[in-house]
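Just so you know, all these numbers are worked out from the coordinates, no wet-lab data involved. Keep in mind that what you see is a predicted model, and the values were worked out from it rather than measured. Methodologically, a virtual Cβ is constructed for each residue, glycine included, from the backbone with ideal geometry; neighbour enumeration extends over all protein chains shown.
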């Protein structure tokens, strides 16, 4: 008779576990490999513990103390204790994840600031490094030969020096050839 009650109690606990969505550890680990830890609402776990406690109390008081074996009660209590331990670990994980997300946000902001500073320094240094290059005209040189020597067009040479191609250049004259 006790054996029948034990089996009934185990079946009843399995039904409750199924209703609560409880799955054995091995199955949960397979499912959780692709899932996010924060995807399941925590209130379901708390609700499950409360329901299990109510069922345990109901079994204890309504069926009578003599009918509920101490082993059954001890196994229920052990299961509840394991659930509480897992809840505590989950709460700790959620807090750690929240802290890590805050740190990640701060790191991204720091990286962006450093990147902007570096970019500004590069712009400043590149603008200060631009030097004007001049060419002193020698006898026999033309705008065309000077432009070819420095790899620029005759039009650009004229624009840089604010002259026209028809204006003659003189030996000793300095022409801007790059900036």
Using label points projected 7 Å from each Cα along Cα→Cβ, tell me how many nm separate residue 51 and residue 6, to one decimal. 2.7
Suppose R0 equals 22 Å; then what is the FRET efficiency for residue 145 and residue 173 from their Cβ-Cβ distance, rounded to the nearest 0.05? 0.95
Under 1.5 on a/c is rounded, so check that first for region 133-178, then, if it is not, pick prolate when a/b is larger than b/c and oblate when it is not; a ≥ b ≥ c are the square roots of the alpha carbon gyration tensor eigenvalues. rounded
